[in-house]
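What follows draws every value from the coordinates through simple rules; no lab data is involved. All values reported here derive from a predicted model rather than from experimental measurement. For neighbour counting, all protein chains shown are included, and Cβ atoms are generated from backbone atoms with ideal geometry for every residue, glycine included.
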Amino acid sequence: MSVAPPPSLAASFTLTAGLLISAALGVAFHLLAARSLEPAGYGAFAAALTYATLWSIVMEAGISVAFTREAAADRARLGWLPRLVRWKIGLGVAGGAGAVASGLLLGAGRDVAWLIGILALGMVGASGLRLAFAVFRVAGAFRREAIVSSVQKVALVLFAAGAIALHAGTTGVAVAMLLSYWIAAAMALSRARADVAGSPPGAPPRGFLLRVCVPLFAVELLTGVYFKVDQVILLGLKGAEETGLYAAAYRVIEALLLAVAGSMGVLFLRLASARDDADTFGAHVRRAWLGLWLAGLGLAVNGWLWAADLLSLVLGAAYVPAQAPLAILLGAVPLAYVNYLLTQSLIARGRERFYAAGTAVCAAVNVGLNLVLIPEAGAIGAAWASVATEATLSAICLVGLGRVVRSIPLAPTLIAAAVAALAVWAGWSLLAERPQSAAILGAVVSLGLWETLSPWPLRQLAARAAGRRPDSLWRSGLQ
């Protein structure tokens, strides 16, 4: 049995940098779409994308995550790739048909159903892309994943700009997304096949789909529900314009979540390889928790003190009302960051069934709160429902991880939260009319917390670059 070696810290930086570029380009795409389509058109596009994204989970069926975990344990399992590609083709057909049918049944209208169909085809390509990325990660080709991710987003922005220049409307923007995913998937799967050429051909064991993939599919589906269903409910209860305002705010949060996806992708492989070593697993959790918590708090503090006001400046005056839900959604960022770690830890330890049950509870909480809050508060209610759902998920994951919870550094976590809350209160009370000073305060507080409490302070990186302590960052990193 050939076990994939744990990825280095450099791999985390490489993948994170690539995904940050990808995230920036994704934000650029949504800026183009939001400004050109206006809130009503962008709301229809966002709602259609929600349907397609939810049904892309059916196309995925938990296969890529399960494949990554199993191949990390035994690289000979990379030979499963051809069989898994065939599975995904069938699932793609079923998911695309289901996306369009569900849109029509839920009263989305023919125009939105047309967009759903185009975007669902794009999600077939995205599903193939995820499978290729699983191969890249096990093979240690993180740079390749970063490049392909960036290429997909570059193509998306260029195609979308062309569609907008041709006045192709929402259909043109949807086709731009479809083409970008299919081009990237073709590139990635071609290379992935070359990577597995030396592995013995094979197929997953009997029951793999039902025993391993279905629980992971349930997790992704239910997670997709509580991440995306609020926009579907908003569209039905408040219309396309309110949906567009909320979607614009939520796109900022999605971009912030993508910023840590690279590090978490690398960390998942390390967690999976250390699942039977309690001390090593706990050390990974302790360092990652503190880094993610501090990063999330820093982003939230800066968002509250000054960055949320930039939304309307970037998107236009029509999006001024989106600042209010964005301010609420920023409160979910620190929770979402540590939840990323907690949920990956559950999967790495083989507790996907518990995780699936937990996401079912979160989905019920989210849908219930949205149905109660949206009729009265619209996008504001949807934002509060998202924050409450993240808090619920945190509590469930902490219960499911058992003794691993002892690895969480409670005192630094509480100290950082108290300092961040004090900084926001001071900024709102004393610097409400001085945005530049508020921005400086946010930067000083977030940087100060990171330098004093983080396992990876920037001063160590600077020292390493200067040659004074070349091994300091490595020793304090994800070893």
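A full extension of the chain between ALA101 and ARG406 corresponds to an added length of 105.1 nm, given 0.36 nm per residue minus the alpha carbon distance. When the helices of the chain are scored as -39500 (n - 2.57) per DSSP H run of n ≥ 4 and the total is divided over every residue, the value at 222 nm lands at -28000 deg cm²/dmol. In straight-distance terms, cross-link reach from LYS238 covers every one of the lysines whose alpha-carbon lies under 30 Å from its own, apart from those fewer than eight places away in the same chain; here that gives LYS228. Here LYS88 is the anchor, and the aspartates and glutamates within straight C-alpha reach of less than 17 Å, apart from those fewer than 8 places off in the same chain, are GLU60, GLU220. The three principal axes of the C-alpha atoms in the chain carry coordinate ranges of 58, 52, 41 Å, sorted with the longest axis first. A run of the chain free of exposed loop cleavage sites, with trypsin sites (Lys or Arg not before Pro) counted only in DSSP states other than H, G, I, E and B and at most 10 other beta carbons within 10 Å, reaches its longest extent at 207-467. Defining a contact as two alpha carbons under 8 Å apart and six or more residues distant in sequence, what relative contact order in percent does region 28-110 show? Rounded, it is 37 percent for region 28-110.
Which whole-number percent gives the relative contact order of the chain, counting Cα pairs below 8 Å spaced six or more residues apart? 21 percent.
Extension gain, ALA28 to ALA395, is 128.7 nm, computed as 0.36 nm per intervening residue step minus the present C-alpha separation. Dividing the mean sequence gap of close Cα pairs (under 8 Å, 6+ apart) by how many residues region 31-187 holds gives a relative contact order of 30 percent. Find the centroid of the Cα atoms in region 241-276 and in region 98-120, then give the distance between the two in whole Å. Going from one Cα centre to the other spans 26 Å.
If only the Cβ of Lys and Arg carry +1 and only the Cβ of Asp and Glu carry -1, the dipole of region 1-204 around its Cα centre is close to 440 debye.
Fewest neighbouring Cβ atoms within 10 Å first, the residues THR243, THR413, THR359 line up as THR413, THR359, THR243. Restricted to Cα atoms, region 299-396 shows a radius of gyration and a Dmax of 15.6, 48 angstrom. For region 1-204, the mean projected area of the C-alpha convex hull, equal to one quarter of the hull surface, is 11.1 nm².
When only the Cβ of Lys, Arg, Asp and Glu is charged (+1, +1, -1, -1), the dipole of the chain relative to its Cα centre reaches about 1580 debye.
At q = 0.10, 0.11 Å⁻¹ the log10 of I(q)/I(0) for region 185-314 amounts to -0.60, -0.72, computed by Debye summation with a single uniform scatterer per C-alpha, solvent ignored.
Considering region 151-195 at the alpha-carbon level, its Rg and Dmax are found to be 12.3, 42 Å. Calculated on C-alpha atoms, the gyration radius of region 216-455 divided by its Kirkwood radius gives an Rg/Rh of 0.98. Candidates LEU315, VAL266, TRP304 compared by Cα position along the dipole of region 216-455: farthest toward the positive end lies VAL266, with charges placed on Cβ.
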